[in-house]
Amino acid sequence: MNLHGKVTLSWDKDLLIIEAFGPFNDEGLDYYNALIKNAINGRSCESWKRLEIWDNEVLGSPSVVDKCKEMHGWYDENRCVLSAVVVSNRIQEIILREKVNTSAHIFSSSEDARNWLSVSRNLDKHY
């Protein structure tokens with residue numbers, strides 16, 4: 001099956017920026033999750049931060065949401081000390097809070113998320 005959804009990755013020092021576009025299917029999420037894991041495992045840093053930015057179309061089936069939940073857990077287990085997700089709509093926020101049960105802070109503005117990540121000094125994950 002064709003991959004649905006798209007992700008771009010970039011690093012800004014210890015901040016991994018993940019930009020997600022479009023609706024995802026299982027194949028698309030599996031593909032990009034593998035790329036993200038490789039990008040993280042290829043870095044030699046003790047800890048890192050994550051910023052995800054979702055466009056208005058980022059959604060997926062229940063199995064995609066389950067895989068998203070697994071990935072968010074993987075981040076926490078692999079040295080990610082702070083996470084922020086920028087959503088474009090209320091449905092995305094509800095899915096993150098209620099289905100993914102993410103430890104990430106959720107924002108509606110990239111600027112607010114970046115400011116929070118840059119000023120936060122809390123490395124004990126009590127956020």
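Descriptive notes on the structure:
- Within the stretch 48-68, the set of residues being open to solvent by 40 Å² or more (accessible area, probe 1.4 Å) and touching a strand residue (DSSP E or B) at 6+ places or on another chain (Cβ under 9 Å) comprises D55, E57, L59, S61, K67.
- Extreme residue, most open to solvent (accessible area, probe 1.4 Å), among residues of the stretch 3-47 that are modelled with pLDDT under 95 and in contact with a Lys or Arg (Cβ under 8 Å, 6 or more places away or on another chain): E46
- Residues in the stretch 66-121 that are among the hydrophobic types (A, V, I, L, M, F, W, C), closer than 11 Å to E52 by Cα and part of a helix (DSSP H, G or I): A113 alone.
- Residues of the stretch 8-29 satisfying the condition of being more than 14 Å from the chain's Cα centre (by Cα) and either assigned to a strand (DSSP E or B) or not basic (K, R) (or both): D12, D14, G22, P23, N25, D26, E27, G28
- Enumeration of residues in the stretch 59-70 that are touching a helix residue (DSSP H, G or I) at 6+ places or on another chain (Cβ under 6 Å) and in contact (Cβ under 8 Å) with a residue 40 or more places away in the chain: V64, K67
The values are calculated or read from the model by the stated rules, or taken from the named source; none is laboratory data. Keep in mind the model is a prediction, meaning the values are calculated, not measured. Cβ coordinates were reconstructed from backbone atoms using ideal geometry, including for glycine residues, and neighbour counts include every protein chain displayed. Note: areas computed on protein heavy atoms with side chains; ligands, DNA, RNA excluded. Shrake-Rupley method; radii C 1.70, N 1.55, O 1.52, S 1.80 Å.
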